[in-house]
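Here is the structure we will look at.
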Amino acid sequence: MKKFKVKKTFKEINEKIREGRAVVVTAEEMIDIVERNGAVEAARKIDVVTTGTFGAMCSSGAFLNFGHTSPKIRASRVWLNDVPAYGGIAAVDCYIGATEVVENDPLNSVYPGEFNYGGGHVIEDLVSGNVVKLRAEGYGTDCYPARKYERNITINDLQNAILFNPRNAYQNYNCAVNLSDRTIYTYMGMLRPQMANAAYSTSGQLSPLFNDPYYRTIGIGTRIFLGGAQGFVAWPGTQHNPDVPRGANGVPKQGAGTIAVVGNLKEMSPEWLAGASVLGYGVSLFVGIGVPIPVLNEEMALFTAVKDDDIYTQVYDYSMDYPKGNPKPLAEVSYKDLRSGTIIINGKKVITAPLSSYYKARLISNILKEWIESGKFILGEPQQILPTV
């Protein structure tokens, strides 16, 4: 067991937050603090480091309850603005998935260039206060005799609206290129032929799970910034896989940890939940997430000082290797190089572009910092940490 010179607890830090004495900095600010003072002194000075990410997170959606109708219906099929929602839960509950497209969408015939509307846009419309058309069908029973129901609703008409995203905030992600002779359309965006561009995602040194690579402080019950409101980590995200190659300070070199998150959709904002139409692929949802990392000891101080220079990811060919299911990386590149705008692969200079917004990730980390400093946001101590190596 490691012996630390600095030891703090969640309880001690929360007491300081309530009393207005907690020292809170963003992950960007922590880099300079650790470089100037060292990890031990930084751990003594700093109590919480805030992180942020804002990007397309396809594995997202919302549980909605629209209340009993008169006469009552067992809604086995549900549509919201003609986007199918899953109704196999209970009488008037449904789940709208972010990537579900509107019925008869042009994408069903694979027509690149069309704007697609889907579940992510429905969620954005709801949090924006817009009117959404609800349509439901039932098979008719003695206790639920109605077979059809339609009405226009806003989020205020819903008894419950719960954002529940099974897989968000991927700890690392691929960099995508296209070695073929034709343009391809992917969830990583449009990739031009002959490796003319490269797409990547995550906010690098600001990204939540990069700042706690072994999940020492993140788990079930961790309170987070979610969609502009307070939310929680509900479970390890689907595809959570900590057992991957790692570099300096335990930073994974490929997709590793993920989190499942939950929060009250009625408290959220379209600034931090935005539907997306991805050319030739379909629809998604841009989600804003920020996780506070308590600096419990000098090890956590060191983790939260991670820099883009220290974070590497793998470059894959999305025209051949990735679709086959057994991709082989073409190269390994740092986030410092990715964020510079160009990378070198096999001697060729390739233009890069992110699918996530570093600008909005920075805003999230600063908003979360303000919430904690003002005492509005108390750290949630996890009841069980995420699985780790």
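So here's what we get for this one:
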item	result
Cβ charges +1 (Lys, Arg) and -1 (Asp, Glu), total dipole of the chain, debye	560 debye
Amide H contacts of ILE259 (H built 1.01 Å from N, under 5 Å, at least 5 apart or other chain)	ASN168, GLY237
Residues of region 118-134 with amide N under 18 Å of the 7 Å Cα→Cβ point at ARG77	133-134
Segments 333-340, 344-351, 163-170 sorted - mean Cβ within 10 Å per residue, highest first	163-170, 333-340, 344-351
Dipole of the chain, positive end: most advanced residue of ILE89, ASN168, PHE10 [Cβ charges, Cα centre]	PHE10
Charge dipole (region 74-161, unit charges on Cβ, about Cα centre) - positive-most of ASN116, PRO145, THR99	PRO145
3J(HN,Hα) from dihedral phi, region 25-35, Karplus parametrisation 6.51/-1.76/1.60, rounded to Hz, x for glycine, proline	9, 7, 4, 5, 5, 5, 4, 5, 5, 5, 5
Peptides 44-55, 318-329 ordered by average Cβ neighbours within 10 Å, highest first	44-55, 318-329
Antiparallel %, DSSP beta bridges [both residues in the chain], to 5	85 percent
With 5 Å bins from 0: P(r) over region 1-97, alpha-carbon pairs, percent	2, 10, 13, 12, 9, 6, 6, 8, 9, 10, 8, 4, 2, 0
In order through region 151-161: 3J(HN,Hα) via Karplus (6.51 cos²θ - 1.76 cosθ + 1.60), integer Hz, x for Gly, Pro	6, 8, 10, 10, 4, 6, 7, 7, 5, 9, 9
Nitroxide proxy distance, nm - points 7 Å out along Cα→Cβ at GLN384 and SER70	4.4 nm
Distance from region 364-389 to region 5-30 (C-alpha centre basis), Å	10 Å
Per-residue ³J(HN,Hα) for region 182-189, Karplus 6.51 cos²θ - 1.76 cosθ + 1.60, θ = phi - 60°, Hz, x for Gly and Pro	10, 5, 10, 10, 10, 5, 8, x
Computed FRET value (nearest 0.05) for ASP142 with LYS266, which takes r as the C-beta separation and R₀ as 45 Å	0.85
Selected from GLY237, GLY129, GLY282 as most flexible by GNM, with the chain as the system and alpha-carbon contacts under 10 Å	GLY129
Amide H contacts under 5 Å for GLY288, placed H, 5+ residues apart	GLY227
MRE, 222 nm, helices only [DSSP H, n ≥ 4, -39500 (n - 2.57), over the chain, to nearest 500]	-5000 deg cm²/dmol
Cross-link pairs LYS8/LYS266; LYS2/LYS376; LYS307/LYS360 - those with Cα-Cα distance over 27 Å	LYS8/LYS266; LYS2/LYS376
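Read-outs throughout are calculated quantities, based only on the coordinates presented, and are distinct from any laboratory measurement. All values reported here derive from a predicted model rather than from experimental measurement. All Cβ positions, glycine included, derive from the backbone under ideal geometry; neighbour counts span all protein chains shown.
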